[in-house]
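Working notes for the structure below.
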Amino acid sequence: MSYTYEAYDVVVVGAGHAGCEAALACARLSLNTLVVTISMDSIALMPCNPNIGGTSKGHLVKEIDALGGEMGKNIDKTYIQSKMLNLSKGPAVHSLRAQADKQDYSKSMRKILENTPNLTLKQAEVAKILAQDGKVTGVETFSGAIYPCKTVILCTGTYLNARCVYGEVSNYTGPNGLQSANHLTESLKSIGIEMYRFKTGTPARIDKRSIDFSKMEEQKGDERVVPFSFTNQEEDIKRDQVSCWLTYTNEKTHDIIRANIHRSPLYSGNIKGTGPRYCPSIEDKVVKFADKDRHQVFIEPEGNYTNEMYVGGMSSSLPEDVQYQMYRSVTGLENAKIVRNAYAIEYDCINPMQLKSSLEFKTVEGLFSGGQFNGSSGYEEAAAQGLMAGINASMKLLGKEPVILDRSQAYIGVLIDDLVTKETHEPYRMMTSRAEYRLLLRQDNADLRLTKIGYEVGLIDEERYYKLSEKEKLIEEEMKRLNNTLIGANSEVQALLEKYNSNTLKTGTTLAELIRRPELTYEMLKELDKNRKPLPEDVIEQVDINIKYEGYIQRQLRQVDQFKKLEGKLIPEDIDYSTIPSLRIEAKQKLNQIRPLSVGQASRISGVSPADISVLLVYLEQLRRSIKEN
Ligand SMILES: Cc1cc2nc3c(=O)[nH]c(=O)nc-3n(C[C@H](O)[C@H](O)[C@H](O)COP(=O)(O)OP(=O)(O)OC[C@H]3O[C@@H](n4cnc5c(N)ncnc54)[C@H](O)[C@@H]3O)c2cc1C
């Protein structure tokens, strides 16, 4: 029997990584927000890898924090190991990764949600989206409770019609045996939403008392801990760290897999969903990279509260008995006690090309979505979309323009633009190679790129914005000073240059010129820099990078100017591409389906050729002239 309860501005469906960010954004922007989630005990659950961040994903977390999101702060509170990756490479790919205590992470996020004003939590399964005349009006739970609202944000993750599979065993449950959501898909289809079936997988968890770590390489955390949140200093979050361990599969492992590949649901057809190419199962690796005689396996602690260890690099859905042999063939795991079997999970999600760049559905006004439900994979990708969906649902209700980050502003912009513009037939995972302007989109300058936007939206407070402006001023002044500080070719200078194996000077130069030398840094030159004032580390980092990579940065900024020219060519919302004579049929169909905001976005749609873009540019120019003349 259905019963109508009080109305809300926003209803967020699901309290996973996307749902938490979406709900917090809406509530913090003073909207009356209800989160309906299947289980209050699995808020911000990490059902797979026990870490946040890593290559490109660390960038997303920094950007979420810079905009006023929660993930960065939450992992700073609950990490058990912290590491900066790719330090041997350039700053564009330096990426922070932290191992989380999964239970603490979930509990901490729950506490934040439960203590946020304007935010209400309800444990229930949403079974229907209520809509009238193409506009969302509310949600109905499986138990018949109706919550009227103005906007809904769907963040259902890997739970819609979820099926967990290993070998011949399959259960219609969510991750870790949690209840799946088996009713909403039909409701979404009934309002015209196209659904996909995707899959992902996770490895076994092994009791650490059964692991021989003496046969593995210890992977310690960094001495110097860099916080994810720009609101934290190292001393605020410093703590004892635990280690991870590196071992490898071997030919025996690969033989066991090959001998049983016919029993793998991936190869027997028992799994229909499409999996992530860049997060392959171990059986996929053995089949696809048959030439490799070993694959890396990272043994990672799930938290301080448990002996369970995550076997990174060996996700699988092979039968239980094969898993037992396979894991025990790995060096150091000979006596492994498997606490949880590896499994694959299939689930329903959407074709994200049904979304605008604001993450609102094109065909159902007021319906937004974020996270794995949008066809992505990863906690960080989910949280980033959740935040943007929350911001834009709020902007809609507050009568403000949506916040669309473009590809030159943020990895979040690349993520969302790729999802809503480019066809993705597998879970989309962020990578640095996807970001064409990655030298500008470094994790270290996410605050300089995005905190002003977070402030204008209303998620960043005065004090934080003031600190950012001070930081910008310090960077600018120091850059100017270094470019204007002359250094003569005197013996002290020559001696220091020789000390760092740098060419001695023939004539005078500037401090900035010296910093541009790859072998020299701002720190190394302090002896020569008599007027130097003490500056915060994050300011020095920016000064060093901006000076050292100035040439590359300038070149990328010129590319962005080109990009912005086409991005700035907006396309009228009501355009009918089928009426543009010389456009090719495929282009007409794709453009009418995706309805790009700009010529720039149109140029990224697969099936729309450069010739089609020229036709479109001419057509838009004629349209502009005809409007002007009338
Ligand atoms: C087995 C497994 C393996 C994975 N492997 C990887 C991997 O290798 N690499 C990787 O990057 N990511 C992996 N992931 C994905 C990662 O977990 C997700 O990307 C991330 O959790 C997505 O966050 P989300 O907020 O979109 O959804 P989730 O974290 O799945 O949260 C969704 C929330 O919505 C709730 N919910 C769903 N439907 C309803 C409903 N109808 N009514 C009410 N509440 C509802 C659920 O209870 C849950 O709380 C894996 C996930 C699983 C389950």
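Once the Cβ-Cβ distance between Glu492 and Asn304 is put in as r, and R0 is 45 Å, what FRET efficiency do you end up with, to the nearest 0.05?
Details: r = 52 Å, r/R0 = 1.15.
About 0.30, to the nearest 0.05.
Kindly give the semi-axes, whole Å and largest first, of the ellipsoid equivalent to the stretch 210-347, taking each as the square root of 5 times a Cα gyration tensor eigenvalue.
Values: eigenvalues 193, 68, 40 Å².
So the equivalent ellipsoid measures 31, 18, 14 Å along its semi-axes.
Would you calculate, for the chain, the mean residue ellipticity at 222 nm contributed by helices, counting each DSSP H stretch of 4 or more residues as -39,500 (n - 2.57) and dividing by all residues, to the nearest 500? Could the numbers behind the result be given before it?
Working: 21 runs with 228 residues, N = 630.
When only DSSP H runs of four or more count, the value is -11000 deg cm²/dmol.
Which value in nm describes the separation of the simple spin-label points at Leu623 and Lys220, placed 7 Å from the Cα toward the beta carbon?
A separation of 6.2 nm, rounded to one decimal place.
Give the carbon-plus-sulfur fraction of the accessible surface of the chain in %, rounded to a whole number; probe 1.4 Å, heavy atoms of protein chains only. Please report the intermediate quantities before stating the final value.
Working: 13700 of 26870 Å².
It is 51 percent, rounded to a whole number.
Could you tell me the calculated FRET efficiency between Asn483 and Met1, based on Cβ-Cβ distance and R0 = 51 angstrom, to the nearest 0.05? Intermediate results must be reported in sequence, preceding the final value.
Details: r = 74 Å, r/R0 = 1.45.
According to the calculation, E is roughly 0.10.
Let's see if you can work this out: charge +1 on each Lys and Arg Cβ, -1 on each Asp and Glu Cβ, no other charges. What is the dipole magnitude of the chain about its Cα centre, in debye to the nearest 20?
Numbers: 80 positive and 84 negative charges, 197 e Å.
About 940 debye.
Can you give the net charge of the other residues whose Cβ lies under 14 Å from the Cβ of Leu528, counting K and R as +1 and D and E as -1?
Details: positive: Arg481, Lys499, Arg517, Lys526, Lys530, Arg532; negative: Glu492, Glu498, Glu513, Glu523, Glu527, Asp529.
Within the 14 Å Cβ shell, the charges total 0.
Projecting each Cα onto the charge dipole of the stretch 484-630 (Lys/Arg +1, Asp/Glu -1 at the beta carbon, about the Cα centre), which of Gln556, Asn490, Leu617 comes out farthest on the positive side?
Leu617
For Arg584, what is the net charge nearby, where nearby means another residue's Cβ is under 15 Å from its Cβ and Lys, Arg count +1, Asp, Glu -1?
Numbers: positive: Lys588, Lys590; negative: Glu586, Asp612.
Net of charged neighbours comes to 0.
To the nearest 10 square angstrom, what accessible area does Thr156 show with a 1.4 Å probe?
20 Å²
Between Thr507 and Ser30, what is the label-to-label distance in nm when each label sits 7 Å out along the Cα-to-Cβ direction?
Reported label-point gap for Thr507 and Ser30 is 6.2 nm.
Can you tell me how much longer the chain between Lys422 and Ser578 gets when fully stretched, taken as 0.36 nm per residue apart minus their C-alpha distance, in nm with one decimal?
Values: separation 156, 0.36 × 156 = 56.16 nm, distance 2.04 nm.
Contour length minus the Cα-Cα distance gives 54.1 nm.
With a point put 7 Å past each Cα toward its Cβ, work out how far Gln296 is from Asp255 in nm, to one decimal.
Once both label points are built, they end up 2.7 nm from each other.
Leaving ligands and nucleic acids out of the surface, order Asp576, Asp544 by accessible area at 1.4 Å, largest first. Walk me through the numbers before you get to the answer.
Values: Asp576 65, Asp544 30 Å².
Greatest to least solvent exposure: Asp576, Asp544.
For the stretch 495-630, report the translational diffusion coefficient in µm²/s to the nearest whole number, using Stokes-Einstein at 25 °C, 0.890 mPa s, and a Kirkwood Rh over Cα pairs. The partial results should precede the final answer.
On the way: Rh = 19.4 Å.
Answer from the Stokes-Einstein relation: 126 µm²/s.
About its Cα centre, what dipole magnitude does the stretch 568-629 give when the only charges are +1 on Lys and Arg Cβ and -1 on Asp and Glu Cβ, stated in debye to the nearest 20? Spell out each step's value before the answer.
Details: 9 positive and 7 negative charges, 29 e Å.
With only Lys, Arg, Asp and Glu charged at Cβ, the dipole is about 140 debye.
Are there any helices in the chain, counted as whole DSSP H runs, that stretch 20 Å or more along their axis by Cα and score at least -0.5 on average by Kyte-Doolittle, and if so which?
Working: long enough: 379-397 (27 Å, 0.22); 462-484 (33 Å, -1.81); 550-567 (25 Å, -1.33); 610-629 (29 Å, 0.15).
What comes out of the filter, once short or polar helices are dropped, is 379-397, 610-629.
Hey, could you get me the Stokes-Einstein D for the chain, Kirkwood radius over alpha-carbon pairs, 10 °C and 1.306 mPa s, rounded to whole µm² s⁻¹?
Numbers: Rh = 26.4 Å.
For these conditions, the coefficient is 60 µm²/s.
Using 0.36 nm per residue, how much length does the chain from Asn630 to Glu365 gain when fully extended, once their Cα-Cα distance is taken away?
On the way: separation 265, 0.36 × 265 = 95.40 nm, distance 3.23 nm.
Taking Asn630 through Glu365 to full extension adds about 92.2 nm, to one decimal.
Mind checking which of Pro402, Gly58, Gly192 is farthest towards the positive end of the chain's charge dipole, using Cβ charges of +1 (Lys, Arg) and -1 (Asp, Glu) about the Cα centre?
The Cα lying farthest towards the positive end belongs to Gly192.
The values are calculated or read from the model by the stated rules, or taken from the named source; none is laboratory data. Source: prediction; values computed, not measured. Virtual Cβ from ideal backbone geometry, glycine too; neighbours counted across all protein chains shown. Protein only, heavy atoms only, side chains kept; ligands, DNA and RNA dropped before computing areas. Shrake-Rupley method; radii C 1.70, N 1.55, O 1.52, S 1.80 Å.
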